[in-house]
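In what follows, a single structure is set out as structure tokens and then discussed.
The values are calculated or read from the model by the stated rules, or taken from the named source; none is laboratory data. As the structure is a computational prediction, the values presented were derived from the model and not from experiment. Virtual Cβ from ideal backbone geometry, glycine too; neighbours counted across all protein chains shown. Keep in mind that these areas ignore ligands, DNA and RNA; they rest on the heavy atoms of the full protein, side chains included. Shrake-Rupley method; radii C 1.70, N 1.55, O 1.52, S 1.80 Å.
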Amino acid sequence: MPGKLKAKIVAGRHLPVMDRASDLTDAFVEVKFGNTTFKTDVYPKSLNPQWNSEWFKFEVDDEDLQDEPLQITVLDHDTYSANDAIGKVYIDIDPLLSSEAATVISGWFPIYDTIHGIRGEINVLVKVDLFNDLNRFRQSSCGVKFFCTTSIPRCYRAAMVHGFVEELVVNEDPEYQWIDRIRTPRASNEARQRLISLMSGELQRKIGLKVLEMGGNAVVGYLQCFDLEGESGLVVRAIGTACTLEKLSNSSAAAPPACNSPSKDIKEPPFSEDPNPNTHSSGPSTPLKTQTYSFSPSKSYSRQSSSSDTDLSLTPKTGMGSGGSAGKEGGPLKTLLRQQTQSALEQREFPFFTLTSFPPGFLIHVGGVVSARSVKLLDRIHNPALGNTRSYKLLDWNSFAADEPETRDAWWEEIRQEIKSHARALGCHAVVGYSESTSICEEVCILSASGTAAVLHPKFMQEGCLDGYSDPSRLSRQPATFSAGSEKGEFDIFPQSKDSSAALGLEEPSPPSCGFCHIPYDELNIPFPAHLTYCYHCRRQKVPDVLFTTIDMPAEAAVTGKGCLIQARLCRLKKKAQGEVNATAISNLLPFMEYELHTQLMNKLKLRGMNALFGLRIQISVGENMLVGLASATAVYLTALPTPGGIQIAGKTPSDITYEQHISNMQKKINDTIAKNKELYEVNPPEVIEEVIGSPIPEPRQRSRLFRSHSESSDEVSELDLSHGKKDAFVLEIDDTDAVEDIHSLLTDTPAPAGFYSCNTEIMPGIYNWTSGLQMFTSVRVFRLSNANLTNQGLNKIFNDLCENLLKSLYFKLRSMIPCCLCHLNFTVAVPEDELIQVAVTAVAMTFDKDQAQENWKLGADKTHMKAIVENEEQLQFPLELCTESPSTNPFSPCRGTGLQESANAHATPRAASVDYSSFADRWSSWIELIRLKAQTIRRGSIKTTSSLEKASPLPEGRSRSLRSTRSYAGSTVAVVKMTPLSFIPGTRIIKYLGIINMFFIRETTSLREEGGVSGFLHAFIAEVFAMVRAHVAALGGNAVVSYSMKECVFMENPNKNQAQCLINVSGDAVIFMRESELEATPAPPQTSCSGGEVTT
Amino acid sequence: MGKMSVELDVFVGNTTIMDEEVYQFWLDGYTVADAVRVRMEGGVLQECEASAEVLHSDTMDQFRTFQMCERLLHCPSKLANQLLFQIPPHRQAMLIERYYAFDDAFVREVLGKKLSKGTKKDLDDVSAKTGITLKSCRRQFDNFKRVFKVVEELKGSLVENIQQHFLLSDKLARDYAAIVFFANNRFETGKRKLQYLSFQDFAFCAVQLINNWTVGAVDNMVEDMDVDLDKEFLQDLKDLKVLITDKDMLDQHKSLVCTALRGKTKVFNEMEANFKNLSRGLVNIAAKLMNAKDVRDFFIDLVEKFIEPCRSDRWTAGDIKLFLTHYTNSVHILDTFKHQVVWDRYMGVVKSCILKMYHD
């Protein structure tokens, strides 16, 4: 009996009228946990009942606490017939199980019904008393913290990164159970909601157990997904990165200058990472070889044999640290069979990390994107244990693995193995920015996994890395200075930054601003053709000509200009088919699609004059009669990589003069576009001195022909050269009409309107001075293809227009926020039905300060920098931080490892954010003045935004009664909750993580027209989902959700029957944030004692 | 290519995005197509390199949002407490204020009419006459009716009650008070002779009546205090008749006024000639006010019995003011007249109403 759950039902409001006669409702509430149910009294005839119930107490196992949600059902009492349900609230009590998260859940929750949506609100109080349980054979993992955030959460530091954790659970989908043929859809949808809530809880508990086994205390980058496999069942699976996190607190003086010093999100909203130069000096220079993209065709055919052959014996220095401690305590734990086998050894087997940005020094080299796809036929999941005592007690599919060799688990295992071997081929021992996804259509399922092959520093994966911290950090500001100076390629303007680093004796073999670009593989043993040059930044090591990754750009990376969103879009028709035939057809199409997507990406990258992609996400969705591919990434110009060559068009029939003319016209267009783009994105790399090997000037003789996939046999496919490495100019050969179309579509990508930028990573490379404007949004579009006789080309055009128009709509909607950037712009495509394409996008628009962008801050920073240098040691510390780190978005606080400075650090660094406002630089005489300036600026800003609409109206003449006193709208009782897909909120500091939000809703209607058609229906539903997320966050005491994502949006309609149904799954991290300005006002940040309710803005 | 159609298109922001201009189109009852057309003409397309398609999508989206908000706007206090839309307080105030705003042309058509189903049925005529869309007319009418129903039975100040329940600005709350007051007392405002008066003229008069002639003017804690006229006072008004029935008093009153005005106005002769007619007019209006039917005709009577004669004699507003001041004050000197308090309460309102209603 390790826990007591207590719930109190306080009141309701805005309840619907349930009794038409009286226009009132006789409401009461059922509170259920596990198999125990309590009821409140009926509160008669009111739409705003005040139950003020006693505390309902549930004595439960902590295992149940983790699995089960608290279910609250509001009903209307009816003397003569069955009580009508008004709606339900599911409360995940997991946040209450961790001592560092929320302590009480208290607030107004929307009462939700799958048919009617939100029907009023209910005020609930929930608490948990946990008893200490020393049972080590326990099945629960209470206290393990979960984060959706794919970086080390701010206000924690990673003592150790253990590695990959994964788990999946399987159950029958209630929708497909026989009982549902006689049950109403509403009942089965409610059953589904409850089941998935339960399965998520169980999944989380099991992952938590694995984390405990590994010696960790948290999961970062937790990604949970549902596979609705229809008749064959419901799979809930999750992956994440196990870590040991330590809460940063001001009091612990001995704490080293953690990578996650609380200062970092303040001064540098964009990134949480810091350069760590020493990681490089510790090892020999890395092997040289280049590749950016590992092509891995679906496993159903021609698995690349080279993968395992090229298993190079590299990475000697990193010593395979992943999963470091896992082996230590695997033993005594009695867990499921599978969990045992999955312990230490297997952890090492998959050195995968779901993180997309990293503690300083963690990421050493990046090899390139690795991906794998596999097409599977779903069959019914054999599930013999249904229907005993606990009707929904879940079945772990894994326990039936013995019966069925082809399990979901085995499928993923295969894919992961493939990913791993690809990474090896790239000379990397780890995969970062790792994610998995599926696309299901009827009985066919495409499993996909992708990540970025990387070489990581072992110290984060070994015990004792804490000690390792102080050394590198001491020096870290130097390289940061370097990168600051080089940010815009202005070496010559800021020679002193180099001087200073030299003066301090820092001879870095690979500075963090370019080190990750250096190839990890052996130059002489590249598994693919590649074009290598010496790094344009440090000139010491080899870099590839382009770099594709799935991670966020490292904060310390040196970039030129700004980045931009790039998308490759592709549709492929396929014949309708069943079973094996269908799966084979899909398998055969996949490599062509990947190839074309890749080609498009490469073309578009060159067209923008850039050389690297971050946050690459390739999605291929399967429908009955087509496949849709969408690749999104954020393109940047990495200073370390060579200038990309242009795109050259070559005609096939040179005899024809008009044709030649046509070609040269197109060539001109392309050249113009490249020039325009370079200007637009401020891509002005420094003139390259021609000592570098390889010339950036196009050499026509090196052209290679682009394969048109439909003309190639699959044999050729496996030989595809995807590196595009051997040539500088990228040649498009026009050999058919397709190519012409391609070029047209290349050129029809309209750039974002003036004042807008967009990226699919956390923040936009090249923008540093975010202001407080923030607008998270979700947009969904479904298109119907009305003509059945579409060609691939026609389809491509439609799909392309669809995405372009959606983007245009977003820009238009958000135009009032200019200058602003759409960040984390992530598209999800689906083919829900025969002729439908669905695109869903969730992103955040953030404003930034245009005037103080670019040159200004750099000048300011630099002046401060110079000033700092002449000042004495004590003073030096902070200004140095300001100037060196902030411009390069480097939040690392280089405290010298003495306890004394720690507290100072904690206070000072938040203010350091004022680097944003560095246009005032010349007036800064010390960092204190700088702080003052900052505070003023912020205050000014906030006054503007909060000014209320108080109208000056003439007082009534006749009577002197006061008319102004009673206006109440200013006193809204609803706390504002911000939502963002990013892991931070600019200008604020996250002071507490309250727990993970993972919610699943189904909404259905049988009166589609009356609810405004499909758009009206979905619009209302998404608004309701937002509202429920906000309410749960507010009840936890939070004022924001970070790392928010909508992972599932499955929409089905039947207009003929006037019906529709939608299923949405969202997740994120509930947090309390404080504005920097508030923090400045408060001498000591209320790190530990702050109770959430007070901190709402 | 025309091969695709948008089946579904939604945009939902965590903070609800609303464009005031589009909101106005929605309030004005535009169709989406009309709103798109007007927006395009307004040049919004250039703002952000948008296409007609984009504009259509945006307009649809916002119209839908407003429609979903409408339920909440019917009870504005809910808007602040609801969880569905996250709308900053000043935007909430804007939404409410604009929702309850009305067109002067519309309100003139229904001012003083019973806010009943019958009147609502006639709204298409009003729409045709005023050029305001039927949808907008209905919204405005329903707003009047909703406010009326809520405050009808409440104690306390009408304006304050309206403000409290509907969170309106002072100005708008006072306008609604006038509308409610007129609807409750069914003042005739639609006659041709009254057409020249604006809603604001009437609203001003309403404030005068509410502040001086209602129950609330004497006792501010009774029900309907601001909506119903003080019956006792109306009864007492009968006593004023002596001013015209008593010949001596009438003559004395006239000579006092004439003495005071001699040489001070260009229309002295006309005034002198018309004094008895005018005085009879004003006093008769007072004496009849105890009948509900005559209350309704209060404004038309003022126009017919006083304003029109003066206008035909080309009195200026200054002349009117001068006359009414002395006409009112001279009565204080009549020692046989015992109803000074009632007289002042009556004339105070009548004077300011006439001054407002007398357009040069």
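Values as computed for the structure displayed
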item	result
Among A:560-569, B:29-38, B:106-115, the order from most to least packed when residues are scored by Cβ within 10 Å on average	A:560-569, B:106-115, B:29-38
Protein heavy-atom accessible area occluded, B/A pair - total, 1.4 Å probe, Å²	6200 Å²
Relative packing of peptides A:834-843, B:231-240, A:236-245, A:360-369 - highest average C-beta neighbours within 10 Å first	A:360-369, A:236-245, A:834-843, B:231-240
Over 32 Å between alpha carbons, listed pairs A:LYS8/B:LYS145; A:LYS459/A:LYS978; A:LYS32/B:LYS78	A:LYS8/B:LYS145; A:LYS459/A:LYS978
Contour excess over end-to-end distance, with Cα ends at A:GLU580 and A:VAL1050 and 0.36 nm allotted per residue	166.7 nm
Accessible solvent surface per residue of region B:74-191, calculated while the other protein chains remain in place, 1.4 angstrom probe, Å²	37 Å²
Over 30 Å (Cα to Cα) - which of A:LYS376/A:LYS604; A:LYS6/A:LYS45; B:LYS231/B:LYS276 fall in this group	A:LYS376/A:LYS604
Inter-label distance, nm, simple model (7 Å from Cα along the C-beta direction), B:GLU41/B:LYS293	4.9 nm
Chain B - mean residue ellipticity at 222 nm from DSSP helices (-39,500 (n - 2.57) per run, n ≥ 4, rounded to 500)	-19500 deg cm²/dmol
Dipole magnitude of region A:32-163 about its Cα centre (Cβ charges: Lys, Arg +1; Asp, Glu -1), debye to nearest 20	460 debye
Minimum 50 Å² accessible area buried by the other protein chains, region B:70-85 residues, probe 1.4 Å, relative to alone	B:ALA80, B:ASN81, B:LEU83, B:LEU84
Links that overshoot a 32 Å alpha carbon limit, given the list A:LYS88/A:LYS575; A:LYS210/A:LYS574; A:LYS606/A:LYS850; A:LYS247/A:LYS606	A:LYS88/A:LYS575; A:LYS210/A:LYS574; A:LYS247/A:LYS606
Protection-proxy order for peptides A:993-1004, A:548-559, B:348-359, B:330-341, each taking the mean of Cβ atoms within 10 Å per residue, highest first	A:548-559, A:993-1004, B:348-359, B:330-341
Pair A:ASP19, A:GLU1010: separation of 7 Å Cα→Cβ label points (nm)	2.3 nm
Average beta carbon contacts from partner chains per residue of B:13-23, 10 Å cutoff	5
Where region A:525-611 is the region considered: accessible area per residue in Å², 1.4 Å probe	24 Å²
Share of pairwise Cα separations in region A:981-1081, more than 15 Å, in percent	65 percent
For region A:1-49, accessible area per residue (1.4 Å probe, heavy atoms of protein chains only), Å²	47 Å²
Fraction of accessible area attributable to carbon and sulfur, region A:1-118 (%, probe 1.4 Å)	46 percent
Shape category assigned to region B:6-113 from the gyration tensor of Cα positions, a/c cut at 1.5	oblate
C-alpha long axis of helix B:268-288 to longest principal axis of chain B, angle in °	70 degrees
Cβ-defined net charge surrounding A:ILE207, 9 Å radius [Lys, Arg +1; Asp, Glu -1]	+1
At R0 = 35 Å, FRET efficiency that the Cβ-Cβ distance of B:THR259 and B:GLU152 yields, to 0.05	0.10
Complex-versus-alone comparison for region A:752-781, residues with a loss of 40 Å² or more in accessible area, probe 1.4 Å	A:PRO753, A:GLN775, A:ARG781
Approximate spin-label separation B:GLU21-A:ALA82, in nm, with each point projected 7 Å along Cα-to-Cβ	5.3 nm
